[in-house]
Amino acid sequence: LGPCATASVDVAFRADNMGQNEVIELEVDFTGDELGGVVKTQTVRLGVLGTEGDLENFTTTTFSYEDGHDNWQVAQGVFDRTDTGGGNGTTWFLDSSQQGGFQCNRIISPVIGLAVDSTMELWNNWDIEPESGGQWYDRANVGVIDTAGERTLLTPDGGRLYNADSSGPGTYGGCNEPEEGWADVTDTWGTSSWSAGAMQTGEFGGDFVRLEVIYATDALEEGRGFWFDEVTLTNVDLQTNDAQTDVCKGQELIFTDGFESGDTSAWSNVQ
């Protein structure tokens, strides 16, 4: 390539025997004869939208994180499992970064099919920078990501409500611009809840979405961070393991008249 020139390369491969919501990570190394032996590395994650599966309806389902991340995927920063006592009497919970400036912690649920009456409850516990000089800075909140990748804030209407408004400078380690959220200190476990209206099922009911929990900090004062646990959803579809075979049936001729013989007499004009 000439100076400052670009090129595109396509790489195709097939991954066999992937498990439910399993992710492939590829480490791609870049170098060149004018980089003095320097190798630049980029990690590419494939499969974050989930592998093929079947849908199953759940009247009630709870992500408790007792045995793992329950197919929630860390998209940025940190949300580690911690076993020092979670919400609703559980042992494990998910824990953001702690005492870290300019952090964006994002974790995304598996694909969820919402109904018009779907609801949600989430246990939480936080120590986040309080209001300062009439503005809120660090905060945590919950959003929904639609099939186009657009995020919409979900504001709880029961239990622990958001107490931080949308003020702030908007520099949070790559997270979204300031939104309403939880802040200050509430260092005991309790619940926030979303009715069907708060879940915006009028817009998202019948769609497949992902939930996203964010904890974001600016470059100055930080707290212990945001903990959450026991996320309970009602009347939702979740992707389960694919029960279909991976064997193609082969070529089948469903319609013959008019395709092979040219005889279209069996076809009728319905409009």
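Go through (1) modelled with pLDDT of 85 or more; (2) loosely packed, with under 13 Cβ neighbours inside 10 Å; (3) over 17 Å from the mean Cα position of the chain (by Cα); (4) in a loop (DSSP other than H, G, I, E, B) and name the single condition ARG14 misses.
Unmet for ARG14, out of (1) modelled with pLDDT of 85 or more; (2) loosely packed, with under 13 Cβ neighbours inside 10 Å; (3) over 17 Å from the mean Cα position of the chain (by Cα); (4) in a loop (DSSP other than H, G, I, E, B): (1).
Mind checking which residues of the range 136-151 are within 13 Å of GLY181 (Cα to Cα) and not small (Gly, Ala, Ser)?
TRP136, TYR137, ASP138, ARG139, ASN141, VAL142
Among VAL111, VAL144, VAL74, which is within 18 Å of the chain's Cα centre (by Cα), surrounded by fewer than 18 Cβ atoms within 10 Å (Cβ to Cβ) and not hydroxyl-bearing (Ser, Thr, Tyr)?
Going through VAL111, VAL144, VAL74 in turn, just one is within 18 Å of the chain's Cα centre (by Cα), surrounded by fewer than 18 Cβ atoms within 10 Å (Cβ to Cβ) and not hydroxyl-bearing (Ser, Thr, Tyr): VAL74.
With the requirement that a residue be farther than 17 Å from PHE228 by Cβ and of a type in the set (A, V, I, L, M, F, W, C), what does the range 53-80 give you?
Correct list: LEU55, PHE58.
Being touching an Asp or Glu at 6+ places or on another chain (Cβ under 7 Å) and either within 21 Å of ASN125 (Cα to Cα) or surrounded by 22 or more Cβ atoms within 10 Å (Cβ to Cβ) (or both) is the filter here, so list the residues in the range 210-235 that pass it.
Listed by number, the residues that qualify are ALA216, THR217, ASP218, GLU221, GLU222, GLY223, ARG224, GLY225, TRP227, THR232.
Answer with yes or no whether LEU49 is open to solvent by 90 Å² or more (accessible area, probe 1.4 Å) and either modelled with pLDDT of 80 or more or under 21 Å from the mean Cα position of the chain (by Cα) (or both).
Here the answer is yes, as LEU49 does meet what is asked.
For the range 120-141, which positions are surrounded by fewer than 18 Cβ atoms within 10 Å (Cβ to Cβ) and either in contact with a Cys (Cβ under 9 Å, 6 or more places away or on another chain) or at negative phi (or both)? Walk me through how you get there before you give the answer.
Of the residues in the range 120-141, the ones surrounded by fewer than 18 Cβ atoms within 10 Å (Cβ to Cβ) are 130-135.
Across the range 120-141, the qualifying residues are PRO130, GLU131, SER132, GLN135.
Taking the criterion of being buried (at least 16 other Cβ atoms within 10 Å of the Cβ), of a type outside the set (Lys, Arg) and within 27 Å of GLU221 (Cα to Cα), would at least one residue in the range 56-64 satisfy it?
no
Here is a check on your reading of the model: is PHE102 surrounded by fewer than 17 Cβ atoms within 10 Å (Cβ to Cβ), aromatic (Phe, Trp, Tyr) and at pLDDT below 95?
yes
Quick check on THR84: is it assigned to a strand (DSSP E or B) and modelled with pLDDT of 95 or more?
So THR84 fails the test.
Filter the range 168-186 down to the residues that are loosely packed, with under 15 Cβ neighbours inside 10 Å and at pLDDT below 95 and list them by number.
Within the range 168-186, the subset loosely packed, with under 15 Cβ neighbours inside 10 Å is 169-170, 174, 177, 185.
The answer is PRO169, GLY170, GLY174, GLU177.
Select, from GLY149, GLY190, the only residue that is more than 16 Å from LEU220 (Cα to Cα), over 18 Å from the mean Cα position of the chain (by Cα) and either at pLDDT below 90 or open to solvent by less than 60 Å² (accessible area, probe 1.4 Å) (or both).
GLY190
Can you say whether GLY258 is at pLDDT 75 or above and open to solvent by less than 80 Å² (accessible area, probe 1.4 Å), as far as the supplied structure shows?
Taking the combined requirement at face value, the residue does not satisfy it.
The values are calculated or read from the model by the stated rules, or taken from the named source; none is laboratory data. A quick note: this is a predicted structure, and the numbers were derived from the prediction, not measured. Positions of Cβ are backbone-derived with ideal geometry, glycine not excepted, and every protein chain shown enters the neighbour counts. In case anyone asks, the SASA skips ligands and DNA or RNA and just uses the protein heavy atoms, side chains included. Shrake-Rupley method; radii C 1.70, N 1.55, O 1.52, S 1.80 Å.
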